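Encoded as structure tokens, the structure appears first; notes follow it.
The values are calculated or read from the model by the stated rules, or taken from the named source; none is laboratory data. As the structure is a computational prediction, the values presented were derived from the model and not from experiment. Note that we place each Cβ from the backbone using ideal geometry, even for glycine, and neighbour counts take in every protein chain shown.
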Amino acid sequence: MDMKTIYLLIPLAPLFGAIIAGLFGWAIGRRAAHCVTIGGVAVSFALSAYVLNHLLSGGEAFNGTVYTWLTINGVDFNVGFLVDKLTAMMMCVVTFVSLMVHIYTIGYMQEDPGYQRFFSYISLFTFSMLMLVMANNFVQLFFGWEAVGLVSYLLIGFWFKRPTATFANLKAFLVNRVGDFGFLLGIGLVLAYFGSLDYATVFAKAPELKDTTITLMTGHTWSLMAVTCILLFVGAMGKSAQFPLHVWLPDSMEGPTPISALIHAATMVTAGIFMVARMSPMFELSDTALNFVLVIGAITALFMGFLGIIQNDIKRVVAYSTLSQLGYMTVALGVSAYSVAAFHLMTHAFFKALLFLGAGSVIIGMHHDQDIRNMGGLRKYMPITWITSLLGSLALIGTPFFAGFYSKDSIIEAVEFSTLPGAGFAHFAVLAGVFVTAFYSFRMYFLVFHGKERWMEKGHHDHHHDDHGDDHHHGLGPNDKPHESPWVVTLPLILLAIPSVVIGYLAIEPMLYGGFFDGVISVNHESHRAMEMMKEEFHGPLAMVTHAFSTLPLYLAIAGVAAAYVFYLVKPSIPAAIDRFFSAIGVRKVLEEKYYMDHLYINGFAAAGRAVGTVLWKVGDALLIDGLIVNGAAKLVGFVSSAVRRVQTGYIYHYAFAMIIGALGFITVWLGARLGWFGPEVFQWVVGLLYPQA
Amino acid sequence: MTGQLLSYAIWVPIVAGLIVLATGGDKHAGIQRWLALIGALLGFLVTLPLYAGFDVESAGMQFEELRPWIETFNINYHLGVDGLSVWFVILNAFTTLMVVLAGWQVIERRVGQYMAAFLIMSGLINGAFAALDAILFYVFFEAMLIPMYLVIGIWGGPRRVYASIKFFLYTFLGSLLTLVAFVYLYYQAGHSFDIQAFHRLPLGMTAQALVLVAFFFAFAVKVPMWPVHTWLPDAHVEAPTGGSMVLAAITLKLGAYGFLRFALPIAPDASREYAWVFVLLSLIAVVYIGFVALVQTDMKKLVAYSSISHMGFVTLGFFMFARGTDLNSFAVEGAIVQMISHGFVSAAMFFSIGVMYDRVHSRKIADYGGVANKMPIFASFFMLFAMANAGLPGTSGFVGEFFVVLGAVQVNFWYAVLAATTLIFGAAYTLWMYKRVIFGDVANQHVAELSDVNKREFLVLAILAVAVLGMGLYPKPFTDLMHFSVNDLIWHVSQTKLPQ
């Protein structure tokens, strides 16, 4: 097989699985549906690993066209692949996590009537995501971008009978569309000024256009690069759920847990991060855009973390954690540490998928009760889930030697070295975020796996998912015992736990300092020195751990864990007291209402949109255009015609009279012309009037 | 045979329609359906050589036919297609086929007349797209109103009389001024109604402006552009499913086509001078109608408004071809692609609504809910078409909107900003409707009694789905036919025709 066939097979294998399971799932049954989709993704993963290895052992990056989608104005718009190391890394992450999720789904969805449909969707997602990361041009990027959005929409609303699910998927789609609105305009500017949408052409031309300005409002000139990059980043804000377009992600937890792990934690939501890293040759040219990216990321990293503290739904805790971690990645992008962002993207994909799947395993064990207040002491009953979740949490909070430690500490360090105006705030945000992350992660961990077995005493808590599909029972009874999940569920947990622990240690040196992204990610080392300075200070993964003991983040993480331990295992009266205090000063309300963003969007923008629509319809269309003009004109015609109608009386003598008058008139003109009362041209004119042919 | 392809495209469906009519009343309904299907199929097949034999390297008229018709006035039976019109002849024949299938069992009353009306209309519309003589165009353009008027007036809903008269008067009054313009041009062109001669005719600015106004009234009503759009929602709501399909898929395109064939090339200086008017009205259509569509409670009305908004993209695209002195065809070709795509997508949307209407006899969104529980296959198709209506990449709905926006950025960034709001509006009104109709628990007894699509409905949905996806994934064959004609048009519009 030549490489081009391999590149084609990688996305097409999952697409094939999706089509078979989707269109013929009813005929081939459950087993065949999961076999064909898992087979497709497995092929895809194996080949992706092969491609990565090929590139690591010195193989050439590939940039080529598959087919020409469209030609307009002499410009070719292609479907084509760019497979370099950034792509290869993404392909491996996507297909690996997808494979794990596929296997896990066998266990998680076994009772669901939409089994085949689910497998079809997640394979379709894998295809779309691969098309996104493998694109060599903006059109295909946009294709993949919206296609993953579509599958996300379909999967959030998978249980389409639940009103909350169909609300959440519409919301997700629309908020993403707001981001895409900016993204599309950004692409429009790229085409207008670069004359092409192929990455290679655009990136090569970018430096020439560094100082180009555009006038968007008379009297105000803007840097083309800043406007374009910010617009493109607006797209990333939608897809990667950055403030203020983050609102859809927590609600997306309405979807089945496997897709929360795959789409809403590990892969799709990182598309925005990937995109900005891919566009580094453009973003590097505008400090304005980078600063915007940095500040948005910092806000997301810190403020979304706060919300994670007060959540009681196990999936929502992890969801807010994802938001916060996406903020970290965005911060890294803002300080030009693109490779660090990609690195954190990778480590996060493993440990966050692990945490979500672990949460899913807990949910199975709890018989679809998701409220952590009803859990406790589960480590006795679900040992594999317990250990793997602990490993995932340790990786997330940045425990030395774990994957998250290397990537998160690198981000914090990079921000420290940045000289952008927003870096001060961002540094504070990511440091404070370390404590917050450790606190909410271990709050959840302790509440779920340690302490009292609270489902025995429940009854006073509402179930979160009482409206679940009819084939699920809800929650454990007081005398039930949770059980460890079947091997199809625990195997992916174990397989994801391994990279969550070791990948950081293994990959940091080659990925960040070993020239892995040379020629892929471009950094202007003169003005953005963070990466250079970090390289100078880096003395290997081991030295990084020893160094960590002399820096703040490690102690912040320890403090977070310790606080959670004291609050939720030793003295539960403390959080209750703090809660009362924060309730009293109103902070709790603000957090519960998620900073009132949903209110703003739903009661503000959406309601205003409907109000404007109603006014334009009822007043504009119905009253003014139809009422005044159309029906008015009709009434006028009616009035005139009722006057004219009187001429048509139906009496023959009236018509005869009119004929005689006419004939007399005509004779008069004729005679007049003959007798010379006026010139013959008048007669000619009248005849012409009556018989134009003559 | 290739010499008379266009005549076949016009007269095969008309003759088929007359044959169907001649078979008499409803006791022959069975055979009438089959005859109509054969006629529509033949009508479609004769248009395929137009694609196969089309010379993509030519901007000129192809498959030309020229015979004298009314020699006294130098009116000719002159036919021909170029890259601007060829797709619409094919699309029209295709849509007729879909309409015959769509009305197969649904229409039980006056079946023969129903089928005949659509077949005859199909031929007349092809005539309008293929005519190269202004009077011939006018005759076809007006004549097709009659079968549509009858379709709405006879097989329509309760307010069909109001709707059909509104439809007829609106469009008929609009086109009267066009006739005046044609007569004026006839004298200017030295007693010729040849459209291509009109194209070459130098005209002063005042004359151009007046001619443009005349064309505007005829074609803007047909498109329809804001604010002369209010006939469309009424017509759609009352029209039977087939009527809505043709109305949205084809007749609206005639209006847009009129701008391409007449307004722009005949009055280029005035078109450039007053482009801002068209741009403004188009952008109002996109944004204003986007808002209005959001609050519709009737599915057909919603899709009708969405059609107006999508057609706003078409008229916007027509005027987005110059950045300073730099000409580009992104938006114009995008607009034509949008016209074709809208033909597929709107026909599919109206057919889908028809499928539900046939079962529940309501178009109100509130009367539905949870349809997916009972009609999963239908729900999947409807999802695809809803996404196409929302302009999702991979469907045909994306291609046109994408390139109109890209073209608009080249002209004026703020035009593009307003146009791009359709990403949000389109998704909002379409998917919100989808959510309320398809998702959720079974809402009522009617929904509980629903049965999924039958084989005939499946066939129509599947063909339309292939068209929507095919054009979305590989639009190149569609645009390849346009390049030369569009470039030629743009070049002409950029030149002055003012007498030196």
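Below are the figures for this structure:
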read-out: Unique residue being touching a Leu at 6+ places or on another chain (Cβ under 7 Å) and away from chain A (no Cβ under 11 Å) when the list is B:LEU461, B:LEU450, B:LEU489; value: B:LEU489
read-out: Failed criterion for A:VAL686 (all others in (1) more than 14 Å from chain B (Cβ to nearest Cβ); (2) within 60 Å of the chain's Cα centre (by Cα); (3) modelled with pLDDT under 75 hold); value: (2)
read-out: Single residue of A:GLY58, A:GLY29 found to be part of a loop (DSSP other than H, G, I, E, B), away from every other protein chain (no Cβ under 12 Å), modelled with pLDDT under 90 and on the phi > 0 side of the Ramachandran plot; value: A:GLY58
read-out: Flag for A:GLY519 being touching an Asp or Glu at 6+ places or on another chain (Cβ under 7 Å), at positive phi and touching a residue at least 24 places away in the same chain (Cβ under 8 Å); value: no
read-out: A:GLY305 being part of a helix (DSSP H, G or I) and within 17 Å of the chain's Cα centre (by Cα); value: no
read-out: Selection count where residues are more than 7 Å from chain B (Cβ to nearest Cβ), aliphatic (A, V, I, L, M) and over 26 Å from B:ALA443 (Cα atoms), scope the range A:166-184; value: 1
read-out: Some residue of the range B:290-305 being under 13 Å from the mean Cα position of the chain (by Cα), within 12 Å of chain A (Cβ to nearest Cβ) and buried (at least 24 other Cβ atoms within 10 Å of the Cβ); value: yes
read-out: Lone unmet requirement of (1) crowded, with 22+ Cβ neighbours inside 10 Å; (2) under 23 Å from B:GLY400 (Cα atoms); (3) out of contact with any Lys or Arg (no Cβ under 7 Å at 6 or more places or on another chain); (4) touching a residue at least 12 places away in the same chain (Cβ under 8 Å) for A:GLY179; value: (3)
read-out: Matching residues in the range B:407-419 - criterion: being facing chain A (nearest Cβ under 9 Å) and surrounded by 24 or more Cβ atoms within 10 Å (Cβ to Cβ); value: B:GLY407, B:ALA408, B:VAL409, B:GLN410, B:ALA416
read-out: Single residue of A:THR201, A:THR221 found to be modelled with pLDDT of 90 or more and not in a loop (DSSP other than H, G, I, E, B); value: A:THR201
read-out: Conditions (1) surrounded by fewer than 23 Cβ atoms within 10 Å (Cβ to Cβ); (2) within 13 Å of another protein chain (Cβ to nearest Cβ); (3) within 26 Å of A:PRO281 (Cα to Cα); (4) touching a residue at least 24 places away in the same chain (Cβ under 8 Å); number of the one not met by A:PRO163; value: (3)
read-out: So A:ALA206, is it assigned to a helix (DSSP H, G or I), over 15 Å from A:ALA271 (Cβ atoms) and at the interface with chain B (Cβ under 9 Å from one of its Cβ atoms); value: no
read-out: For A:ALA168: the one exception among (1) more than 15 Å from the chain's Cα centre (by Cα); (2) surrounded by fewer than 24 Cβ atoms within 10 Å (Cβ to Cβ); value: (1)
read-out: Within the range B:443-452, considering residues that are surrounded by fewer than 18 Cβ atoms within 10 Å (Cβ to Cβ) and among the hydrophobic types (A, V, I, L, M, F, W, C), the one farthest from B:LYS364 (Cα to Cα); value: B:ALA448
read-out: Matching entry among A:SER550, A:SER583 (being of a type outside the set (Val, Ile, Thr), exposed (fewer than 14 other Cβ atoms within 10 Å of the Cβ) and not in a helix (DSSP H, G or I)); value: A:SER550
read-out: Residues that are of a type in the set (A, V, I, L, M, F, W, C) and at the interface with chain B (Cβ under 10 Å from one of its Cβ atoms), drawn from the range A:622-637; value: A:ALA622, A:LEU624, A:ILE625, A:ILE629, A:VAL630, A:ALA633, A:ALA634, A:VAL637
read-out: Some residue of the range B:177-194 being within 14 Å of another protein chain (Cβ to nearest Cβ) and touching a Leu at 6+ places or on another chain (Cβ under 6 Å); value: no
read-out: Candidate set from the range B:56-80 (those that are within 13 Å of B:SER485 (Cβ to Cβ) and within 14 Å of chain A (Cβ to nearest Cβ)); member that is surrounded by the most Cβ atoms within 10 Å (Cβ to Cβ); value: B:VAL56
read-out: Subset of the range A:376-407 (residues that are in a loop (DSSP other than H, G, I, E, B) and surrounded by fewer than 24 Cβ atoms within 10 Å (Cβ to Cβ)); value: A:GLY376, A:GLY377, A:TYR381, A:THR399, A:PRO400, A:PHE401
read-out: Selection from the range B:347-368 of residues that are of a type in the set (Ser, Thr, Tyr) and either facing chain A (nearest Cβ under 10 Å) or within 19 Å of B:ILE463 (Cβ to Cβ) (or both); value: B:SER352
read-out: Residue within the range A:204-223 that is among the acidic types (Asp, Glu) and within 23 Å of the chain's Cα centre (by Cα) present; value: no
read-out: Test: B:TYR184 is buried (at least 23 other Cβ atoms within 10 Å of the Cβ) and among the aromatic types (Phe, Trp, Tyr); value: no
read-out: All positions within the range B:401-420 that are under 19 Å from B:ILE490 (Cβ atoms) and not hydrophobic (A, V, I, L, M, F, W, C); value: B:GLY407, B:GLN410, B:ASN412, B:TYR415
read-out: Selection from the range A:265-275 of residues that are in a helix (DSSP H, G or I) and modelled with pLDDT of 90 or more; value: A:MET268, A:VAL269, A:THR270, A:ALA271, A:GLY272, A:ILE273, A:PHE274, A:MET275
read-out: Set A:LEU189, A:LEU216: member being free of Cβ contacts under 8 Å to residues at least 12 places away in the same chain and either part of a loop (DSSP other than H, G, I, E, B) or within 14 Å of chain B (Cβ to nearest Cβ) (or both); value: A:LEU216
read-out: Hits in the range A:29-73 (condition: touching a residue at least 12 places away in the same chain (Cβ under 8 Å) and β-branched (Val, Ile, Thr)); value: A:VAL36, A:THR37, A:ILE38, A:VAL41, A:VAL43, A:VAL51, A:THR65, A:VAL66
read-out: Options B:VAL404, B:VAL371; residue that is more than 30 Å from B:ALA419 (Cβ to Cβ) and within 11 Å of chain A (Cβ to nearest Cβ); value: B:VAL371
read-out: Given (1) farther than 30 Å from B:ILE424 by Cα; (2) without any contact (Cβ under 8 Å) to a residue 40 or more places away in the chain, number of the condition A:GLY604 does not satisfy; value: (1)
read-out: The range A:111-136 - residue that is outside any helix (DSSP H, G or I) and more than 13 Å from chain B (Cβ to nearest Cβ) and, of those, farthest from B:VAL442 (Cα to Cα); value: A:ASN136
